[in-house]
Amino acid sequence: MSQGDADEIQQPQDEPQQDVQDPLDGQEQQGDAQEIPQDEPAPVIEEDEETKRLRLEKEEQERKEREEREEQERKEREERLEQERIAREEFEAKLKEDTLKFNDMMLQGISNLQRVQNSFAYTRLNLAEKDIDRVFVVPYLHLRYLDLSQNRIVDIKNLLPLKYLVQLNASKNEINSLAVFSDPQNFPYLQYLNLQTNKIPVLEPIGLIRLRRLNLIENEINQITFTGHDNVEILELGKNKIKSLVGFGNMAKLKELYLQGNEISDFRQLENLPALLKLNIRANKIVKIKTPIITLPNLSYLNLRENQIAKYDDLKKIAKIKSITTLNMLANPIVDEMGEGFKQEILMFYDHFVRINKSDVTKEDVDEALRVLKERRDEEERKRQEAAEEARLAEEARLAEEARIAEEARIAEEARLAEVKLAEEAEQARLAQEQEEKAKAAALEQPQQQEPEAS
């Protein structure tokens, strides 16, 4: 390296040294106006030629890396924007395609042209099993019946303009909320709602003012905020994860309640259901019929199949409900234990049943049950009389034994008294003899005392 080059490289090191000022110099120039002391700057470390070269190389490397990084980020940003643009275009294209496809399916599924007010309108639309994952706007505003079953639908908010719907079947989809049905303003004429086999976890309040039948079988319901409904007549909630029946009371028009395949252990919360006719609690976790027994004045059908009821006392609690005419308790321990005699056992004491465990009650069944009951009662009476006779004989034997023991005790007491009397007489004789001997001795002593006095 030439001396000129060395001077040219060294020059940047000399320039900072010319600008460095002592903090005290600055204060002297400012005088009294500068009262706050300044921080002392770090001393400048002179770099040798090799250190400066390495530093410059490092700075150049960092600059290149920064530029490469910024370029990479720019490319990634442009690539991301391009991907978003492509995705948006694909989405819009698919949306357009799905909309056209949905419209075509509606044209194929629309039917039942009827007179509506002063014009004509289609009232039925069938879109079942169309592999639909989204519901688009339905222009047939006077629809009464809509079938969307067996698709992949999650959201049905686009159906809200269909205010005249009477029946909606959206079973076997992927709907996960009942929120759209909570507002009384929505679907004001809907009477039958089928949401069987969806993914609904919460049974929420239902605001459908004219609803008469609600099917929520085979969902994922494990939470209940439902508080009843004034007009529902049939409520189907089988195959969920329901544990408590709080909220199911106070439904004045409810006629049928299906709760099979849940996790219920107690159904006493079913209060104030004056119209209830059918109650299905099959395959739950009922072990004991707890008291007080539910008061359901019109209940005629009760299905307790596949529970864990094992005690006859629990059976009697159910059988005493006179309104029940059809009872199913198959696959309970008590039925397994009693076998074919279960039906007969009920008919012996309760004559209001017409069907037991899926078998009709015939006159022959009743006559046979009464015959067996009579035989049983006759046998019980015979055993009672035998037991009474045995008890009488045992009592007579007991009394005879007591009399014998008393007689033996009396004889023994008489013997004891005789011995006591003999002993007393012997004692008296002894005392009398002692007295006599004392008297004789005294008589003998008296003449001997008189003889010395005479002398």
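Here residue 408 qualifies as open to solvent by 90 Å² or more (accessible area, probe 1.4 Å) and more than 45 Å from the chain's Cα centre (by Cα). The residue list 178, 193 contains one member that is in contact with a helix residue (DSSP H, G or I) (Cβ under 8 Å, 6 or more places away or on another chain) and either among the aliphatic types (A, V, I, L, M) or open to solvent by 70 Å² or more (accessible area, probe 1.4 Å) (or both), which is 193. Taking the listed residues 198, 222, 215, the one that is under 21 Å from residue 134 (Cα atoms) and touching a residue at least 12 places away in the same chain (Cβ under 8 Å) is 198, with no other qualifying. Among the candidates 421, 363, 374, single out the residue that is modelled with pLDDT under 90, among the charged types (D, E, K, R) and either open to solvent by 100 Å² or more (accessible area, probe 1.4 Å) or within 58 Å of the chain's Cα centre (by Cα) (or both). Answer to the check: 421. Each residue in the range 115-124 was checked for being open to solvent by 20 Å² or more (accessible area, probe 1.4 Å) and within 18 Å of residue 169 (Cβ to Cβ), and 2 pass. The condition of being touching an Asp or Glu at 6+ places or on another chain (Cβ under 6 Å), surrounded by 15 or more Cβ atoms within 10 Å (Cβ to Cβ) and either at pLDDT below 95 or over 19 Å from residue 234 (Cα atoms) (or both) holds for only one of 310, 331, 319, that being 331. Among the candidates 103, 112, single out the residue that is touching a residue at least 24 places away in the same chain (Cβ under 8 Å) and either open to solvent by 90 Å² or more (accessible area, probe 1.4 Å) or assigned to a strand (DSSP E or B) (or both). Just one listed residue meets the conditions, 112. Of all the listed residues (52, 96), the sole one being touching a residue at least 24 places away in the same chain (Cβ under 8 Å) and of a type in the set (Lys, Arg) is 52. Is it the case that the range 244-257 has a residue that's among the hydrophobic types (A, V, I, L, M, F, W, C), under 28 Å from residue 152 (Cβ atoms) and either crowded, with 17+ Cβ neighbours inside 10 Å or under 19 Å from the mean Cα position of the chain (by Cα) (or both)? Checked the range 244-257: no residue is among the hydrophobic types (A, V, I, L, M, F, W, C), under 28 Å from residue 152 (Cβ atoms) and either crowded, with 17+ Cβ neighbours inside 10 Å or under 19 Å from the mean Cα position of the chain (by Cα) (or both).
Confirm whether residue 420 is aliphatic (A, V, I, L, M), closer than 30 Å to residue 352 by Cβ and without any contact (Cβ under 8 Å) to a residue 40 or more places away in the chain. Spelling it out, it is not the case that residue 420 is aliphatic (A, V, I, L, M), closer than 30 Å to residue 352 by Cβ and without any contact (Cβ under 8 Å) to a residue 40 or more places away in the chain. Between 149, 119, the distinction of being modelled with pLDDT under 95 and either closer than 13 Å to residue 165 by Cα or hydroxyl-bearing (Ser, Thr, Tyr) (or both) belongs to 119 only. I'd like to check something: does the range 125-146 contain any residue that is over 22 Å from residue 175 (Cβ atoms) and not in a loop (DSSP other than H, G, I, E, B)? Taking every residue of the range 125-146 in turn, none turns out to be over 22 Å from residue 175 (Cβ atoms) and not in a loop (DSSP other than H, G, I, E, B). Taking the criterion of being open to solvent by 60 Å² or more (accessible area, probe 1.4 Å), among the charged types (D, E, K, R) and under 18 Å from the mean Cα position of the chain (by Cα), the residues of the range 264-287 that qualify are 268, 282, 285. The single residue among 251, 329, 338 that is among the aliphatic types (A, V, I, L, M) and in contact with a Gly (Cβ under 9 Å, 6 or more places away or on another chain) turns out to be 251.
The values are calculated or read from the model by the stated rules, or taken from the named source; none is laboratory data. Predicted model only: the values in this text are computed from it and were never measured. Backbone-built Cβ (ideal geometry, glycine too); neighbour counts: all protein chains shown. The protein model used for the area step is the full one, side chains on, heavy atoms only, and it has no ligands, DNA or RNA in it. Shrake-Rupley method; radii C 1.70, N 1.55, O 1.52, S 1.80 Å.
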